[in-house]
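The values are calculated or read from the model by the stated rules, or taken from the named source; none is laboratory data. Computed from a prediction, not measured in an experiment: that's the story for all the values here. Every residue, glycine among them, receives a Cβ derived from its backbone with ideal geometry; neighbour counts consider all protein chains shown.
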Amino acid sequence: MLKTRQERDIFEIRLDEASHALESEKLAELVESIRENGLLIPIALNADNELVAGYHRLMAFKQLYKSDGEAYRHIPVRVLNAEDNQQLQQLSTTEKLFHPELSILEKAAYFKSYFDDLKYGQAGYKTTTIFKTLDISRRTFFNLRAIAERLGAPVRQRILNSPLRILAHSTPQLLALCKYDEKTQLEILDLMQTENCGTIFEAIKLHQHYAETGTERSQKARKFLKSPALKLEKELRQDLRQLAQQTGLGQNELFNEIFEAGLELIRQKYS
């Protein structure tokens, strides 16, 4: 449990700056809110005077101290009991889930660690109880759980350590990938990268097309031009993109088919 509300000197509170990211807009809003209404929710510290939750609130007080003076030298705090590890983990996890620089995939990893400790620990908390401990919506809770439990380490590493990293920030695309087994997930990611698919949904359609037609890609038998769509005029790129959506094929593959068909017509014309 958190102890009774106290106050601390803002410059005596310990924090790891590298583990936090400052959002200027959020900070500006907090400064005005605190100046007008005071601090409504105290920051949380552990027994060693280290910040657990409330980074932007603390930064707002430091900014107000510089601009408005001694009235903001001390900030309201609640101190976590040293033995209450569960609440410490809860507050730390909540901070991570709202961290602006962490991707959805990285947030899901922190969520899984917290969820597993409570769900499968000695106490064995129910899912509904765990949900109520985090300051997130029910939908966000179950989205994070699905991503955390259905995307294994090989898939996460493939996304985070490749040009596919942009997927790590897209909840809809990660959830779409969650519907498949790990082998299929890796195949879809491979298609997305090698066939220059714009989204995971395009890669899924292409994977389904190959499965339904019984065809397979052969990178050794057929070489694709590097990003041919980028060299086309704007109108042609739009036509190619629309055709890719209609057929479920990758833009590079379609480009090569069009190119081959065009070559054949030219050969016939000039032979």
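Overview of values
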read-out	value
Residue within the stretch 132-139 that is at pLDDT 90 or above and touching a Phe, Trp or Tyr at 6+ places or on another chain (Cβ under 9 Å) present	no
Pairs with Cβ under 6 Å, 6+ apart, first in the stretch 253-269 and under 15 Å from L240 (Cα atoms), second aliphatic (A, V, I, L, M)	L254/L243; L254/A244
Test for L118: is it assigned to a helix (DSSP H, G or I), surrounded by 18 or more Cβ atoms within 10 Å (Cβ to Cβ) and either aromatic (F, W, Y) or in contact (Cβ under 8 Å) with a residue 40 or more places away in the chain (or both)	no
Members of the stretch 149-191 that are closer than 30 Å to I41 by Cα and surrounded by 16 or more Cβ atoms within 10 Å (Cβ to Cβ)	T171
